[in-house]
Structure formats: structure tokens, C-alpha cells
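A.B. asks: Here it is, the structure in full.
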Ligand code: CP
């Protein structure tokens, strides 16, 4: 593995290697991550052309815990604002001896373009590209599911909400099916769930009654207003009524079901505060696990030179 661009086609053995490595970085209380020298002398450039709280920060923490030098390019104040192209930006940062680029971009495929143009020893990690992929989110989601449910091969996982705009949904579907989850459901209104997902082997549901009944894992997604191009369909009020996760709707799932969300959450739109902050929510542990999973990804990539 030289770059991590997608979970599509990522072999099961590599996913498990990443999850096992992440587990080693976590101490017994799942909170403290040890500092290790695996990336000492390496420079990791965080390039976030789209906003982020969790991904950018946990990549920075992860790189620092691996003893790397971390450079966060402030894109809004960079020469990208003067019209410098993406590839010219990369060429100039490469001239500063970058070893790894962590890239988030609104354009699907931008991290692929970068990966095609960097020197063979440089690694690219996709931190979310358009609607396409968010592989490290999917991997931390897989870590979370494995942590709480142990075995993937007897699970029903429901992914609920704005599927059509969601890179997290796509990356999770690829990872879940590779890991052998027998029932993956996508749940939402017809306007937000593309029918072609059936070809990816998932069950498409247009009601919460069908979608989360007896689920072991419920992954809620944010309504992505910024990708709606004008009017939101349905309105956030209508969405909450039909698909917002309340305690009453969660009661349809198994009693020990876990509730996940990649964040940021829209309280009262896709999830009620009573659920987001409730006993079944593992939304904040997901964030914590994200540090160890990103440490695992970067250390495995750094150990694999082209
Ligand atoms: N889950 C996620 O990608 O969150 P951020 O946009 O805050 O990084």
C-alpha cells in the first residue's frame, strides 16, 4: 500500500492489518495513544481545501504521536487564492521535502491526481474528496464496529440519511461488504438515496421501520446542505420527522445497537440530542479511535516504499 485513496478494492487483510495496528496504539483504557518514533524525520503536509474539525485535527495528532514534523497549510491564506494550481502547489511543497500529503478536497478525484504526480517515495492519503471517498473515516468506523461488536459476519448495519452526497456512505459500504457484513442497509428518502447502490449489494430502504429494524449498528449521516445546489429536499423539518433518529425510532433496532455518526452532527435534523448524547451513542469514541487508526494508516504507508 503506497497511497490510501479509497476503501474500494482495499483487501480484507489490509483492513485488518490497519485495525490491528491501531489497536496496538491504544492503551488499555482506549484513551491514551503512545508516542512512537515511526515517522521521525518525515514531513507530513495536511492540505485541507475543504473545512474539517475532526479529520484535520486527528491527522495532526496522529502524525505528531508518530514523531513526524507536521505542516498544516492554511489554504485560505495560501497562494491557491491567487490562482496557483493544485499540481503547482504540490510541486512546490514537494520541493520542501514532503514525505506524505493528507488531502481533503471538494473535487472527487483530487487526491488521485496528486498521487499520479508525486515522487515514488511520497505517500498520499485521501482525507475526503467530494462525494467520492473518505477512507480513513470508514476505517475508524470499522474499528469502532469491531471494538463494540467483535465480529462483522453476523451484523446488520443501517446507514441512514443523505446517502447521495455522502463519501462516508460509499467508503463504509465498500469496507463493510469486504469485511463480510451480511446485511448492509441504506435508509433515506428517494431524493437522497441513489437506486444504483443495490448494485453494491446493499438493501435500499425508504422507511425507518424497515431500515433500522433489528439493526446492530446505526450510522447516521448529516444532511449535506453545502452539496444540495439550492433547495434542500426534503426540508430539515420533514427529514427529522421521517428519518431523524429519536429514542422511539432507535427502539426498533436491537437493544444493544450502537449509534454512530461521522460528525459534524446536526442536532434535531438527523439525530435527536437524547440519542446523540445517550447510552447507545459511540460518536465521541469514534473520534478517539480515529487518532489510532490514522496513526496506523500513516505508519503502514511509511513502511511501504515504492
Ligand atoms: N467526519 C469528518 O470528516 O469530520 P470533519 O469534516 O470535521 O473532518
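FYI, it's all coordinate maths here, none of it is from the lab. The shown structure was predicted, so the numbers you read here are calculated from the model rather than taken from an experiment. All Cβ positions, even for glycine, are placed from backbone atoms using ideal geometry, and neighbour counts span all protein chains on display.
A.B. asks: Can you tell me, using C-alpha contacts under 8 Å and at least 6 residues apart, the relative contact order of segment 135-286 as a whole percent?
C.D. replies: Relative contact order here is 24 percent.
A.B. asks: Then there is this: How far apart, in nm, are two points set 7 Å out from the Cα along the Cα-to-Cβ line at residue 16 and at residue 84?
C.D. replies: 4.5
A.B. asks: Could you state the per residue volume, in Å³, of the convex hull enclosing the Cα atoms of the chain?
C.D. replies: Looking at the chain, the number lands at 125 Å³ per residue.
A.B. asks: Still on this structure, I have one more. Using 1/(1 + (r/R0)^6) with R0 = 41 angstrom and r between the beta carbons of residue 92 and residue 198, what's the FRET efficiency to the nearest 0.05?
C.D. replies: 0.40
A.B. asks: For the residue pair residue 279 and residue 36, what label-to-label distance in nm results when each label sits 7 Å from Cα along the Cα-to-beta-carbon direction?
C.D. replies: For the pair residue 279/residue 36, the computed spacing is 3.6 nm.
A.B. asks: Could you grab the relative contact order for the chain? Cα pairs under 8 Å, six or more apart, rounded to a whole percent.
C.D. replies: Once normalised by length, the contact order is 21 percent.
A.B. asks: Binning every alpha carbon pair distance of segment 135-286 at 5 Å from zero, what are the percents per bin?
C.D. replies: The calculated distribution, bin by bin, is 2, 10, 22, 25, 23, 13, 4, 1, 0.
A.B. asks: Where in segment 136-170 does the label zone of residue 73 land, with the point 7 angstrom along Cα→C-beta and an amide N cut-off under 16 Å?
C.D. replies: No residue qualifies, since no backbone N sits under 16 Å from the label point.
A.B. asks: Using R₀ = 25 Å, calculate the FRET efficiency as 1/(1 + (r/R₀)^6) where r is the Cβ-Cβ separation of residue 108 and residue 235; round to 0.05.
C.D. replies: With R0 = 25 Å, the Cβ-Cβ based efficiency is 0.40.
A.B. asks: How far, in degrees from 0 to 90, does helix 54-65 lean away from the longest principal axis of the Cα atoms of the chain, to the nearest 10?
C.D. replies: 50
A.B. asks: Here's a follow-up. Nearest 10 degrees, 0 to 90: what angle lies between the long axis of helix 167-178 and the longest principal axis of the chain (Cα atoms)?
C.D. replies: 80
A.B. asks: With axes computed from alpha carbons, what is the tilt in degrees of helix 283-302 against the longest principal axis of the chain, rounded to the nearest 10 within 0 to 90?
C.D. replies: Value to nearest ten degrees: 40.
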